[in-house]
Ligand SMILES: [Zn+2]
């Protein structure tokens, strides 16, 4: 966990500090080692049923992304009908950015999309990029892609990290995620034979970090407009979870 509560304020860890978990209100302890970004964890053996337990000791990748947004927007407690969930980043008008490093089931993707309603996914693809499993220009080809992507709202955003010359950190918007999966034959020199792997190919739009975060803010602003229109025309109000957000209206 990147943030905890002390004296009513959301704070980052400091050496020897303790604070309160924003989700279960249990005690959390600052972990301030020399290698990883500082984070909060629950006391050993305590509050293992807290929803934030799975967020303890997240990767540097998570922290880097969360630190790009105002702290009020990061790790937001969302409660509805007695159910509590954490939004990785929640924008002022309700857009939620889910920052996903580890594998996630289609069920969990659907569950979060239904709960938060307007979700944008950012998947970590920096590993596959470094392993040369990804190539992109106007299209992306991804060998052994994250297949659960096809259950996420489009466009799916993937973080490919820095370009080879480290000049730019790029995010790709994948706009045709439902149809791009196929099986690729790859030649193996050693065995003089082909083997089959899963692959994905589809159009992609390259965004710098600033462009990506600006895009998210713009999408969130559209939600505000949508909310206002819904309030003024209650008869035409859409069902929840029906996707109020049009990602493609650019
Ligand atoms: Zn907790």
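Where a number appears in this text, it was derived from the coordinates with a stated rule and is not lab data. Quick caveat: nothing in here was measured; it's all calculated off a predicted structure. Positions of Cβ are generated from backbone atoms using ideal geometry, with glycine treated the same way; all protein chains shown enter the neighbour counts.
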In whole Å, largest first, the alpha carbons of the range 35-144 cover along the principal axes 44, 35, 28
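How many times 2.2 N^0.38 Å is the alpha carbon radius of gyration of the chain? Mind dumping the intermediate values first?
Details: Rg = 20.0 Å, N = 250, 2.2 N^0.38 = 17.9 Å.
Computed over Cα atoms of the chain, the ratio equals 1.12.
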Taking only C-alpha positions in the range 114-161, Rg and Dmax in angstrom work out to 11.8, 35
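How do 75, 147 line up, fewest other C-beta atoms within 10 Å first?
Sorted ascending by nearby Cβ count, the order is 147, 75.
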Here, the range 91-232 modelled as identical Cα point scatterers in vacuum has Debye log10 I(q)/I(0) at q = 0.17, 0.20, 0.22 Å⁻¹ of -0.99, -1.26, -1.42
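Taking other Cβ within 10 Å of each residue's Cβ, how do 117, 217 sort, fewest first?
Working: 117 18, 217 15.
Final ranking by Cβ density, sparse to dense: 217, 117.
Within a 10 angstrom radius of the beta carbon, how do 197, 160 rank from fewest other beta carbons to most? Numbers along the way, then the final one.
Details: 197 12, 160 21.
With the sparsest Cβ surroundings first, the list reads 197, 160.
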